[in-house]
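Shown next, in structure tokens, is the structure this report addresses.
What follows draws every value from the coordinates through simple rules; no lab data is involved. Bear in mind the structure is a predicted one, so any value in this text is a computation, not a measurement. All Cβ positions, glycine included, derive from the backbone under ideal geometry; neighbour counts span all protein chains shown.
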Amino acid sequence: MPNPVTHFEIIGKDAAKLQQFYRDIFKWKVDANNPMNYGMVDTGTPGQGIGGGIAAAMQGSSSNVTFYIEVASIDETLAAVAKAGGQTAMPKMTVPPSGPIIAQFTDPAGNRIGLVQAGSM
């Protein structure tokens with residue numbers, strides 16, 4: 001099974017400001033009408049590129065950009081990451097209320113990478 005990049009996140013202290021920035025610069029549609037104020041991005045290019053989100057950093061977290069790779073098994077992938085010298089940064093979880101199933105790890109250089117369980121989007 002291939003492991004495509006399926007999602008990106010742009011995280012910062014002021015979600016509304018970031019969301020407006022990307023709307024203005026790239027003409028993206030950003031829908032943050034949800035309890036988490038997570039701005040789901042529609043780039044307006046169906047069938048091209050990947051979707052993403054723009055949101056506020058969680059308390060104690062810093063600004064960052066993360067991309068998500070779709071995998072058949074998050075558990076198996078995190079085990080392989082650990083064996084290869086990486087670390088789990090965020091354990092497997094289901095995004096409320098009903099998915100997707102995600103996790104994050106850091107590679108040996110400290111870069112944070114996201115995982116999404118195949119079929120959970």
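In loop segments of region 1-55 as defined by DSSP, the trypsin sites (Lys or Arg not before Pro) with at most 10 further C-beta atoms inside 10 Å of their C-beta are K27. Here the relative contact order of the chain, from alpha carbon pairs under 8 Å that lie six or more residues apart, stands at 24 percent.
Each principal axis of the chain carries a Cα extent, and these read 43, 34, 28 Å when sorted largest first. With Cα atoms defining each centre, region 36-50 and region 53-94 are spaced 20 Å apart in the structure. Over region 16-59, what relative contact order in percent results from Cα pairs under 8 Å that are six or more residues apart? RCO, region 16-59: 33 percent. What is the sum of charges around Q117, taking Lys and Arg as +1, Asp and Glu as -1, for the other residues whose C-beta is under 12 Å from the C-beta of Q117? Surrounding charge for Q117 is -2.
Segment S120..D24, full-extension length gain: 31.5 nm, with 0.36 nm per residue of separation and the alpha-carbon distance subtracted. Once divided by 2.2 N^0.38 Å, the Cα radius of gyration of region 1-71 becomes 1.13. With contacts taken as Cα pairs under 8 Å at a separation of at least 6 residues, region 50-121 carries a relative contact order of 31 percent.
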